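Working notes for the structure below.
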Amino acid sequence: MTSHLLTLHLRSRGASTFLVGVGVIALLAWAAGTWLASRPYFDGPAARVPVVALAPLLAALLLGPTLASADEDLERSTPLPWRAWRAGHLLVAALVTAMALSLAGLRAPDTYGAQELVRNALGCIGLVAGGAVLLGVRLAWLPAFVYVCAVYAAAPRHTGVVVAAWAWPIQPSTTAASWLTAAAIFAVGTAGYVHGGARASAGRRARSTGGP
């Protein structure tokens, strides 16, 4: 029974599309990171900043649509422990994403490599989970996309603790503040999603209340 419910759950959330997408992103991140690190006119592995900023973001954006089914209200009406299911869904997705992306940065993993990819995966997934709670799955991508792109475009890469905390997506892995911020974002986003789930869209709310 449990395996059947799990299969239905994964199918309704588009899990296969997410897994394939994460695999493709990991391969592209590996190819781009290897190319950047091997160019003599770049700064070796430290040139992989675009990869560690954008690859986790793209993977997290793929996760957004899986955080709710086509009819979230109908799904919630079933007698299942949804908080546990949501927690398992998000934690397994985070683990799969972090493991896949870490493989793309094993060459010099502590220099804009595997460690930064894992940290940024956690932070971006936390932002997407929080976005799903506040905005619904259709716009869950928006906070993470805007934040990471703004930080990448504007933030300095060698700064003090305060700036390192808010500019965590482009900090080296040796910056403790960046890890603390990413972990906090992941924890808050996960807690919000586990507790309340994704916000229903306006169209779904109207259908559930019999409105136009």
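A few comments on the model shown:
- Per the conditions (1) under 18 Å from residue 14 (Cα atoms); (2) modelled with pLDDT under 90, the sole criterion not satisfied by residue 63 is (2).
- Selection count where residues are crowded, with 24+ Cβ neighbours inside 10 Å and under 19 Å from residue 166 (Cβ atoms), scope region 134-147: 1
- Within region 170-189, the residues that satisfy the criterion of being surrounded by 18 or more Cβ atoms within 10 Å (Cβ to Cβ) and either free of Cβ contacts under 8 Å to residues at least 40 places away in the same chain or of a type in the set (Phe, Trp, Tyr) (or both) are 175, 177, 179, 186.
- Sole exception among (1) under 18 Å from the mean Cα position of the chain (by Cα); (2) among the aliphatic types (A, V, I, L, M); (3) more than 21 Å from residue 43 (Cβ to Cβ) for residue 177, by number: (1)
- Region 79-111, residues that are in a helix (DSSP H, G or I) and either open to solvent by 80 Å² or more (accessible area, probe 1.4 Å) or without any contact (Cβ under 8 Å) to a residue 24 or more places away in the chain (or both): 83, 84, 88, 91, 92, 95, 99, 102, 103
- Residue 131 vs. criteria in contact (Cβ under 8 Å) with a residue 60 or more places away in the chain and either surrounded by fewer than 16 Cβ atoms within 10 Å (Cβ to Cβ) or not β-branched (Val, Ile, Thr) (or both): yes
- Number of the condition not met by residue 46 [criteria: (1) open to solvent by 20 Å² or more (accessible area, probe 1.4 Å); (2) within 19 Å of residue 119 (Cα to Cα); (3) at pLDDT 90 or above]: (3)
- Identity of the residue in region 1-43, within 16 Å of the chain's Cα centre (by Cα) and part of a loop (DSSP other than H, G, I, E, B), that ends up surrounded by the most Cβ atoms within 10 Å (Cβ to Cβ): 13
- Of all residues in region 117-131, none are more than 13 Å from the chain's Cα centre (by Cα) and either more than 21 Å from residue 32 (Cβ to Cβ) or outside any helix (DSSP H, G or I) (or both).
- For beta carbons closer than 7 Å, sequence separation of 6+ or different chains, a first residue in region 51-65 that is free of Cβ contacts under 8 Å to residues at least 60 places away in the same chain and a second that is open to solvent by less than 10 Å² (accessible area, probe 1.4 Å), the qualifying pairs are 62/22.
The values are calculated or read from the model by the stated rules, or taken from the named source; none is laboratory data. Nothing here was measured: the structure is a model prediction, and the numbers come from that model. Heads up, the Cβs are rebuilt from the backbone with ideal geometry, glycines too, and the neighbour counts pull from every protein chain shown. What goes into the accessible areas is simple: the full protein's heavy atoms, side chains included, and nothing from ligands, DNA or RNA. Shrake-Rupley method; radii C 1.70, N 1.55, O 1.52, S 1.80 Å.
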